[in-house]
1. Ignoring ligands, DNA and RNA, how do 605, 105 rank by accessible area with a 1.4 Å probe, largest first?
2. Ignoring ligands, DNA and RNA, what accessible area per residue does segment 266-401 give at 1.4 Å, in Å²?
3. If R0 is 51 Å, what FRET efficiency do you get for residue 344 and residue 32 from their C-beta distance, rounded to 0.05?
4. Quick check: at a probe of 1.4 Å, how many percent of the accessible area of segment 266-401 sits on carbon and sulfur atoms?
5. Per the Kirkwood treatment, what hydrodynamic radius in Å, one decimal, follows for segment 358-477 from the mean inverse distance over all distinct Cα pairs?
6. Keeping all protein chains in place, calculate the accessible area per residue for segment 111-176 (probe 1.4 angstrom), answer in Å².
7. Return one quarter of the surface area of the convex hull spanned by the alpha-carbon atoms of segment 266-401, equal to its mean projected area, in nm².
8. For segment 436-526, would you read off the P(r) tail past 23 Å as a percentage of all alpha carbon pairs?
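The values are calculated or read from the model by the stated rules, or taken from the named source; none is laboratory data. Everything quoted here is computed from the prediction, not taken from an experiment. Methodologically, a virtual Cβ is constructed for each residue, glycine included, from the backbone with ideal geometry; neighbour enumeration extends over all protein chains shown. We work out accessible area using only protein heavy atoms, side chains counted, and drop any ligands, DNA or RNA first. Shrake-Rupley method; radii C 1.70, N 1.55, O 1.52, S 1.80 Å.
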Amino acid sequence: MKLDAKIPSGPIEKKWDKARFELKLVNPANKRRHKLIIVGTGLGGASAAATLSELGYDVECFCFQDSPRRAHSIAAQGGINAAKNYQNDGDSVWRLFYDTVKGGDYRSREANVYRLSQVSVNIIDQCVAQGVPFAREYGGVLANRSFGGAQVSRTFYARGQTGQQLLLGAYSALNRQIARGKVKMHTRMEMLDLVLVDGHARGIITRNLVTGEIERWAADAVVLATGGYGNVFYLSTNAMGSNVTAAYRAYKRGAGFANPCFTQIHPTCIPVSGNYQSKLTLMSESLRNDGRVWVPRNKEDLKKKPKDIDPADRYYYLEERYPSFGNLVPRDVASRAAKKVCDEGYGVGATGQSVYLDFGTAIERDGKRAVEDRYGNLFEMYERITGENPYGTPMRIYPAVHYTMGGLWVDYNLMSNVPGLHVLGEANFSDHGANRLGASALMQGLADGYFVIPYTLGNYIATEWKGEVSADHPAFVKAEGEVRERTRKLLDIGKNSGAEKKSVDDFHRRLGKIMWEHCGMARNAKGLETALQEIPALREEFWSTAYVPGGSDEFNPWLEKAGRVADFLEFGEIMCRDALYRDESCGGHFREEHQSEEGEAVRNDEDFSHGAIWEYQGDNVEPKLHKEELTFENVKLTTRSYK
């Protein structure tokens, strides 16, 4: 595997301008001759499809949802970062760059992060022009609020539904191109394999989730914008359908998978209430602008109602431990702090696995109406789920799996090591290091789709395109046959076995428990080694006793789920292997062996200042490790401190 990041030379603030000048172009007439495949219609995929088709390319766009607007980007709540400095509070492109590198605990690529910060300012202009209804101040100017890991207000928002409004903006641009005939939209289609011709990504194999039909699709390049893999934990804030299958298929075709153990635990989620749950619900990080996090200082107060606990007996642990940032420390720091107080016996609620998020001070200071204007839909959602009114009693929250910083390796041009395969947004690894700052996922998705891939994909077409390929090529026929065989194997599981049949959900839940216990918020070598024994055993059991009813040539949600869980059962092992290899603590990867006396993460820059990229070597064979060394010429490597 050859890893060439293709980072331009020169000062960091000039790299993107230099790259754009040096990238080869495709003239407008020739763009019309080329077809692209884009998988995924979240912010990254929808914006890329709209922009590339506007440039003249023909685009075949795929999603497994019944509409592009149902992509999981719609669930993002709190906001999107941009270095506009409208508040005149000291923000700049450089400060956003610095905050993002520091927030990622110095495990991201400097050049990519600086470019992200640069183009962030263009995103807001683009979205305002589309009509995205960002919140505004009384005088009409765009409003901002603060998010974790920053001491400035740079987050633009649309109440508590920013992702929905941004996706509607991208969706409207996409629909315009669909109406023009430049984009052909294929809904309810799941990508089941990547097709390589002469080593280049030239198409995909899909299954129609309504009819069961398996089809081949050829193009001149493939773009994956398929999101993250947080559902490997079973319980997460991700949509139920979110999965790793598209990225994992690319991995098995030779694409490197970088830093798979870098997963983000979000500190403000509604706690688990029982074994019957199939997902968890996010409460936006924006709530920590006005909400104060606390637990009782004395264990004898745990049975009291929160309003009956004297303010002097409330332990505002984030404010006391991190006075400079208070409740707005980064997510990994806030999550570990919540786990620590709960593990010490100060957790509240029936399970003891939650902490309070209290808006009493904000309501007293600004009034209920002001708080309702900022967070009303979030408060309503919380009350519907829990039956508790957060205006009168504090919310109960606890950390949950939310986002994945790991993903397919890409170079500066967002192309994987497989020529022609480009990867956008959460599906790639490039921008967030070991921990993503809040409000940066929407920023990355739109930056990649609107402002990066339109330049860089053209360079691939101009310099490496190998000529037209049809879906009748032998590589497509072979890949389709392999998909059909895999589908048959899933439907045949346990048919000739006398063993008790078990549901696919049962295996997913058990895998999630293994992952959460051994590769979740805290990890150690012994636990990871245990997981590396338990996951193969569970996978073997799955392939002998799982029950997958129905057939392949029909609507069959159990077959969909079985394929995704089968991939999770393989991918979970790679995650644990990566976590065991990375013998340090950094960001969301917290190895218990490497922490300070105060419980903070301790990095090992001498041995692990690199991206760990894993190369597929075959089924049940340990993947091969490759490294991309990270250099820090502009941000000094220091111990992260938010005190």
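1. 605, 105
2. 43 Å²
3. About 0.20, to the nearest 0.05.
4. Details: 2680 of 5910 Å².
Roughly 45 percent of what the probe reaches on segment 266-401 is carbon or sulfur.
5. 18.6 Å
6. For segment 111-176, the per-residue accessible area is 35 Å².
7. Average projection, Cα convex hull of segment 266-401: 8.0 nm².
8. So the pairs more than 23 Å apart make up 68 percent of the total in segment 436-526.
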